[in-house]
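Chemist: Sending over a structure as structure tokens; questions will come in a sec.
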Amino acid sequence: TVLLLALCAGIAWLVCKLSGINYKTALLGCIPGGLTQVIALAEETEGVNITIVTVTQVIRLMMIVLCIPVIIFSSIMGQTHAAVSGGGPVSAAFASWSGLFPNLILFAAACTVCAIAGNRIKFPTAFLLGPAIATAILQFAGLDGPLLPSPLINAAQLLIGTYVGLLLKPGQLPSKLRTLTLAVGGGVLLLIGACGLSFLLTKLEPISISTGLLSLAPGGMDQMGIIAHEINADLSMVAGYQLFRTFFIFFAVPPLIRMIFHYSAERQKRLSE
């Protein structure tokens, strides 16, 4: 996670030099965190172009969602939709609607309560992390989560894709061609870096390259989890790495960024005096 964030800081510096965009805007646009959380941080930071941050973040997310499946199912990875790997979940093709009950009711209730409670206490991305924590607690308590049939997983993919599409508003973007080009270029560099780090992870841990890539891909935990489920990758490792990165970025990075920006502002103020 630290190496991935360092790579993002380097890409932001490069974007800053090539485009003239201030470093604060470039850095917040490159951070692989939650879209809503980064935008909220951008709104609280003086001197940040929120439109550029929003569009850059959406482009990064779209590139991850579109490119990671292509890479995973390419001849390089050799994965197929019917692939089976050790430790992976049972395919959704074998899940039945009757198997959802009665555990579905308990899981749904716990996830809903945790999502609403997390939102009330201003928990970051409460409607994602709240249910994730609730599900983990229930499974630690010995309850097995019900396998979801294919139509439900397909519906989740449809809703995620629709949500991402609605967030992209290029008409509000200044200097469209330059900003979009740099955003795509930064996304490509981030993907290349994630592939390199995933290869390194496979040398340190006995996992497949597809599991490593999905674990370190700078996308959302929900999207990477859906892909991991589709190819029967090690879903526990993918979700664990993605969840840790999400928590790390949400809780450790914003205070650090505020401290760096405050230090930079104070230094510029002293130099001007």
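Chemist: Pairing the Cα long axis of helix 150-167 with the longest principal axis of the chain, what angle in degrees results, from 0 to 90 and rounded to the nearest 10?
Modeler: Rounded to the nearest ten degrees, it is 10.
Chemist: From the backbone phi of region 137-142, what are the Karplus-calculated ³J(HN,Hα) couplings (6.51 cos²θ - 1.76 cosθ + 1.60, θ = phi - 60°) in whole Hz, Gly and Pro given as x?
Modeler: After applying 6.51 cos²θ - 1.76 cosθ + 1.60, I find 5, 5, 6, 5, 6, x Hz.
Chemist: Say R0 is 30 Å: what FRET efficiency, to the nearest 0.05, do Phe244 and Glu46 get from their beta-carbon distance?
Modeler: Result of the calculation: an efficiency of 0.50.
Chemist: I've got another one for you. How high is the FRET efficiency between Asn103 and Ile160 when r is their beta carbon distance and R₀ equals 22 Å, given to the nearest 0.05?
Modeler: 0.40
Chemist: Related question: How far is helix 235-251 tilted off the main Cα axis of the chain, in degrees rounded to 10, range 0 to 90?
Modeler: Computed tilt is about 30 degrees.
Chemist: Here's something else I'd like to know. For region 111-240, rounded, prolate or oblate, judged on the Cα gyration tensor with a ≥ b ≥ c (square roots of eigenvalues), a/c < 1.5 rounded, else prolate if a/b > b/c?
Modeler: Oblate, because a/c is 1.5 or more while a/b does not exceed b/c.
Chemist: Need the full-extension length gain, Val70 to Leu18, defined as separation in residues times 0.36 nm minus the C-alpha distance. One decimal, nm.
Modeler: Gain in length upon complete extension: 15.8 nm.
Chemist: At a Cα cut-off below 18 Å, give the aspartates and glutamates reachable from Lys24, other chains included and same-chain residues fewer than 8 away excluded.
Modeler: Cα-Cα hits under 18 Å: Glu43, Glu44, Glu46, Glu266.
Chemist: OK, next. Springs between alpha-carbon atoms under 10 Å, Gaussian network over the chain: tell me which of Ala12, Ala233, Ala134 tops the mean-square fluctuations.
Modeler: Top of the fluctuation ranking is Ala134.
Chemist: Still on this structure, please answer the following. List residues of region 218-246, by number, whose backbone nitrogen lies under 20 Å from a label position 7 Å along Cα→C-beta of Ile153.
Modeler: Counting backbone N atoms under 20 Å from the label point, the list is 219-243.
Chemist: A follow-up question, please. Any lysines with Cα under 18 Å of the Lys176 Cα? List them, leaving off those in the same chain fewer than 8 positions away.
Modeler: In chain and number order, the partners are Lys17.
Chemist: With every protein chain present, what accessible area does Lys176 have (1.4 Å probe, heavy atoms only), rounded to the nearest 10 Å²?
Modeler: Probe radius 1.4 Å; accessible area of Lys176 about 100 Å².
Chemist: Additional query: Once label points are set 7 Å from the Cα along Cα→Cβ at both Arg258 and Ser96, what is their separation, rounded to one decimal in nm?
Modeler: The modelled label-to-label distance comes out at 5.3 nm.
Chemist: Relative contact order for the chain: what percent, with Cα pairs under 8 Å and sequence separation of 6 or more?
Modeler: 25 percent
Chemist: Over the heavy atoms of Thr112, what accessible area does a 1.4 Å probe trace out, to the nearest 10 Å²?
Modeler: Surface open to solvent at Thr112 totals about 80 Å².
Chemist: Here's a follow-up. In whole Hz and in residue order, list the ³J(HN,Hα) couplings for region 12-22 that follow from phi through the Karplus curve 6.51 cos²θ - 1.76 cosθ + 1.60, θ = phi - 60°; x for Gly and Pro.
Modeler: In residue order, the calculated couplings are 4, 4, 5, 4, 4, 6, 7, 10, x, 5, 5 Hz.
Chemist: Pick from Ala155, Ala239, Ala42: which residue has the top mean-square fluctuation in a GNM of the chain where Cα pairs under 10 Å get a spring?
Modeler: For the chain, modelled as a Gaussian network with Cα springs under 10 Å, the answer is Ala155.
Chemist: Still on this structure, please answer the following. Using a 1.4 Å probe and counting only protein heavy atoms, arrange Asp234, Asp144 so the residue with the most accessible area comes first.
Modeler: Asp144, Asp234
Chemist: Return the single residue from Ser150, Ser98, Ser210 with maximal mean-square fluctuation; model: Gaussian network over the chain, springs between Cα atoms under 10 Å.
Modeler: For the chain, modelled as a Gaussian network with Cα springs under 10 Å, the answer is Ser98.
Chemist: Set the Förster distance to 30 Å, then compute FRET efficiency between Val113 and Ser236 from the Cβ-Cβ distance, nearest 0.05.
Modeler: After rounding to 0.05, the efficiency reads 0.80.
The values are calculated or read from the model by the stated rules, or taken from the named source; none is laboratory data. Keep in mind that this is a model prediction, so the values were computed, not measured. For neighbour counting, all protein chains shown are included, and Cβ atoms are generated from backbone atoms with ideal geometry for every residue, glycine included. Side chains included, ligands, DNA and RNA excluded: accessible areas come from the protein's heavy atoms. Shrake-Rupley method; radii C 1.70, N 1.55, O 1.52, S 1.80 Å.
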